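The next block holds one structure in the form of structure tokens; read it before the comments.
The numbers here are math on the coordinates, done by the rules we state, and not lab data. None of these values were measured; they are calculated from a predicted model. Glycine gets a Cβ as well: all are built from the backbone with ideal geometry, and neighbour counts include every protein chain shown.
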Amino acid sequence: MPMKNPQLNQHGELQHLLAIDGLPKAIMLQILDTAASYVDLEQRELKSLPLLQGKCVFNLFFENSTRTRTTFEIAAKRLSADVNSLNIAASSASKGETLLDTIDNLVAMQADVFVVRHATSGAPFLIAKHLNDTKQAHVHVVNAGDGRHEHPTQGLLDMLTIRHYKKDFSNLTVAIVGDVLHSRVARSDIHALTTLGAAEVRVIGPKTLLPGGLEQMGVRVFTDMNLGLKDVDVVIMLRLQNERMTGALLPSSQEYFKQYGLTPERLALAKSDAIVMHPGPMNRGVEIDSAVADGSQSVILSQVTFGIAVRMAVMGMVAK
Ligand code: CP
């Protein structure tokens, strides 16, 4: 018997959002179309609609966040949900309570949606499985970033941004640049871009920051930034994930900037109408020059606004 997709219910509808890997293209497009209906993409103005009135969303961020945590909160409020953001440092997790005991207690407080960021890859899957195994399948899990595994709503908001500015994936060459080894965003973006039919997906970075198996994921690998950027339509810059690095993988951040920093001169190698993206937080002068981050080709702040629409769409779909 084929394995049940852990993200879908028995009717093939989105029950949890855990990863882009394995998410059917039709569901991905449904999320993007729904998100696009919640925001005026030109004006970057968001709608509000009471789809989750009476529902309770718990933000569980076991790792730091500015954009994801805040935009999930804003999205939940725009859907009229009650939102609780647990202060993990001051919670009973610090007294030794297990993750699943915390979950059971919050379900007892009538949680409907858990938005989970965790340093351990697979933590949102574990919670979703526990909810199914304990007959609490009416409660939904949305992965807000798990270790170096995936960050599916970031991947989806990146796709909404690319689709808005570039329209058709089938003509696009997209370069993802930097610390791919430790990046959950890169993994989600690669799965999303290949599923949506991007013409070419490239990754660019030093050998020490590129994981094995990239070619099998359908991407072209470059270690030379100047070659990799040639004629691309979209450049997605990644932060050096120093908090996940063990040992010295790079000589210095200055040396890294010299080889892989996105400067105006390097960006000129891409198509003249290429867009520049970054999931944030940015390290200016390490992976990106301020002249590019704040320049006319940057769509970095659009990504943030579009992220609210995507998170509204996802929570509205799982918990409708
Ligand atoms: N893009 C992203 O995940 O940013 P935060 O860490 O601020 O949530």
Kirkwood-based Rg/Rh on the Cα set of segment 71-172 evaluates to 1.04
Assign one of three labels to segment 263-312, namely rounded, prolate or oblate, based on the Cα gyration tensor with a ≥ b ≥ c the square roots of its eigenvalues; rounded applies when a/c is under 1.5, prolate when it is not and a/b is larger than b/c, and oblate otherwise.
-> oblate
Mean shadow area of the chain over all directions, Cα convex hull, nm² | 16.5 nm²
Rounded FRET efficiency, nearest 0.05, which uses the C-beta distance separating residue 227 from residue 133 and R0 of 51 Å | 0.55
Sorted peptide list for 70-78, 233-241, criterion being average Cβ within 10 angstrom, highest first | 233-241, 70-78
Over the alpha carbons of segment 57-107, what is the largest minus smallest coordinate on each principal axis, giving the biggest first in Å?
-> 34, 23, 14
Taking Rh as the Kirkwood radius, which is the inverse of the mean 1/r over Cα pairs, what is the Rg/Rh value for segment 1-107?
-> 1.01
Ranked from highest to lowest mean number of other Cβ atoms within 10 Å per residue, what is the order of the peptides 146-158, 292-304?
-> 146-158, 292-304
Helix 123-133 versus the longest principal axis of the chain: what angle, 0 to 90°, nearest 10, using Cα atoms?
-> 30 degrees
Projected area, mean over directions - segment 194-235, Cα convex hull, nm² | 3.2 nm²
What the Cα atoms of segment 172-320 span along the principal axes, largest first and in whole Å, is 50, 34, 30
Straight-line reach from residue 320: which aspartates and glutamates have a Cα under 16 Å away, not including same-chain ones fewer than 8 places off?
-> 13, 82, 112
Provide, as a two-decimal number, the C-alpha radius of gyration of segment 129-221 over 2.2 N^0.38 Å, N being how many residues it has.
-> 1.24
Two-decimal Rg/Rh across segment 78-121, once Rg and the Kirkwood Rh are taken from alpha-carbon atoms = 0.97
Measuring from its Cα centre, segment 159-307 shows a charge dipole (+1 at each Lys and Arg Cβ, -1 at each Asp and Glu Cβ) which, in debye to the nearest 20, is 220 debye
State, in angstrom, two size descriptors of segment 217-298 derived from its alpha carbons: Rg to one decimal place and Dmax to the nearest whole number.
-> 12.8, 38
Angle in degrees between helix 152-166 and the longest Cα principal axis of the chain, rounded to the nearest 10 = 50 degrees
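Quick one: length gained pulling residue 273 to residue 200 fully straight, 0.36 nm per residue minus the C-alpha distance?
Here the answer is 24.6 nm.
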Heads up, segment 1-57 by the C-alpha gyration tensor (a ≥ b ≥ c square roots of eigenvalues; a/c under 1.5 rounded, else a/b over b/c prolate, else oblate) looks oblate
For the Cα atoms of the chain, what angle does the longest principal axis make with the long axis of helix 25-37, in degrees from 0 to 90, nearest 10?
-> 90 degrees
